[in-house]
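The values are calculated or read from the model by the stated rules, or taken from the named source; none is laboratory data. These numbers come from a predicted model, not from an experiment. Here Cβ is always computed from backbone atoms with ideal geometry, including for glycine, and neighbour counts include all displayed protein chains. SASA here: full protein model, heavy atoms, side chains in, ligands and nucleic acids out. Shrake-Rupley method; radii C 1.70, N 1.55, O 1.52, S 1.80 Å.
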Amino acid sequence: MLDTKILTQLLREAHTVSEECHDIAATSVLKNLLDEKEKRRWFLSAVVNSEEKKR
(Lines give C-alpha, C1' and ligand atoms only; values in the text may rest on other atoms or scores of the structure.)
Protein backbone atom coordinates (compact mmCIF):
# COMPACT_ATOMS: atom_id res chain seq x y z
CA MET A 1 0.00 0.00 0.00
CA LEU A 2 2.87 2.36 0.77
CA ASP A 3 4.41 1.71 -2.65
CA THR A 4 1.14 2.66 -4.32
CA LYS A 5 0.93 5.86 -2.25
CA ILE A 6 4.48 6.87 -3.19
CA LEU A 7 3.92 6.08 -6.87
CA THR A 8 0.72 8.13 -6.85
CA GLN A 9 2.55 11.12 -5.38
CA LEU A 10 5.27 10.86 -8.03
CA LEU A 11 2.69 10.58 -10.80
CA ARG A 12 0.94 13.71 -9.49
CA GLU A 13 4.23 15.62 -9.60
CA ALA A 14 4.92 14.44 -13.15
CA HIS A 15 1.34 15.36 -14.13
CA THR A 16 1.86 18.89 -12.80
CA VAL A 17 5.10 19.29 -14.75
CA SER A 18 3.55 18.00 -17.97
CA GLU A 19 0.63 20.41 -17.58
CA GLU A 20 2.99 23.32 -17.00
CA CYS A 21 4.91 22.35 -20.16
CA HIS A 22 1.64 22.04 -22.12
CA ASP A 23 2.43 18.43 -23.02
CA ILE A 24 -1.11 17.26 -23.64
CA ALA A 25 -0.20 13.67 -24.55
CA ALA A 26 1.89 13.06 -21.43
CA THR A 27 -0.70 14.81 -19.25
CA SER A 28 -3.41 12.53 -20.60
CA VAL A 29 -1.38 9.35 -20.04
CA LEU A 30 -0.45 10.45 -16.53
CA LYS A 31 -4.09 11.28 -15.73
CA ASN A 32 -5.11 7.74 -16.73
CA LEU A 33 -2.34 6.25 -14.60
CA LEU A 34 -3.35 8.44 -11.66
CA ASP A 35 -6.95 7.28 -11.95
CA GLU A 36 -5.83 3.64 -11.92
CA LYS A 37 -3.56 4.16 -8.91
CA GLU A 38 -6.28 6.00 -6.97
CA LYS A 39 -8.65 3.10 -7.58
CA ARG A 40 -5.95 0.68 -6.42
CA ARG A 41 -5.32 2.72 -3.25
CA TRP A 42 -9.04 2.72 -2.50
CA PHE A 43 -9.23 -1.04 -3.07
CA LEU A 44 -6.21 -1.78 -0.87
CA SER A 45 -7.55 0.48 1.84
CA ALA A 46 -10.90 -1.30 1.76
CA VAL A 47 -9.20 -4.70 1.99
CA VAL A 48 -7.05 -3.63 4.93
CA ASN A 49 -10.04 -2.12 6.76
CA SER A 50 -12.08 -5.27 6.12
CA GLU A 51 -9.31 -7.47 7.53
CA GLU A 52 -8.97 -5.27 10.61
CA LYS A 53 -12.71 -5.55 11.30
CA LYS A 54 -12.48 -9.35 11.22
CA ARG A 55 -10.01 -9.34 14.09
Note: the chain at 10 °C, 1.306 mPa s; Kirkwood Rh on alpha carbon pairs; Stokes-Einstein D in µm²/s works out to 130
Under the 7 Å Cα-to-Cβ spin-label approximation, Lys54 and Thr4 lie apart by a distance in nanometres of 1.6
Longest principal axis of the chain (C-alpha) makes with the long axis of helix 24-54 (C-alpha) an angle, in degrees to the nearest 10, of 10
Full extension between Ala26 and Ala14 adds, at 0.36 nm per residue less the Cα distance, a length in nm of 3.4 nm
Computed about the Cα centre, the charge dipole of the chain from +1 Lys/Arg and -1 Asp/Glu charges at the Cβ has a magnitude in debye, to the nearest 20, of 480
Relative contact order as a percentage, the range 2-44, C-alpha pairs under 8 Å and 6+ apart, gives 49
Expected field for Glu13, accessible surface area in Å² at 1.4 Å probe radius, rounded to 10, holds 110
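Counting each DSSP H run of 4 or more residues in the chain as -39500 (n - 2.57), what helix-only mean residue ellipticity at 222 nm follows after dividing by all residues, to the nearest 500 deg cm²/dmol?
Result for the chain, helices only: -32000 deg cm²/dmol.
Going by accessible area, probe 1.4 Å, with all protein chains left in place, what is the ranking of Glu20, Glu36, largest first? Could you put the intermediate results ahead of the total?
Numbers: Glu20 130, Glu36 105 Å².
Listed by decreasing accessible area, they come as Glu20, Glu36.
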Under a 1.4 Å probe, counting only protein heavy atoms, Lys54 has an accessible area in Å², nearest 10, of 140
Tilt, helix 2-20 to longest principal axis of the chain (alpha-carbon atoms), in degrees rounded to tens, equals 20
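Under 14 Å from the Cβ of Leu2, count the other residues' Cβ atoms, weight Lys and Arg +1, Asp and Glu -1, and hand me the total. It would help to have the intermediate numbers written out before the result.
Details: positive: Lys5, Lys37, Arg40, Arg41; negative: Asp3.
Combined, the nearby Lys, Arg, Asp and Glu give +3.
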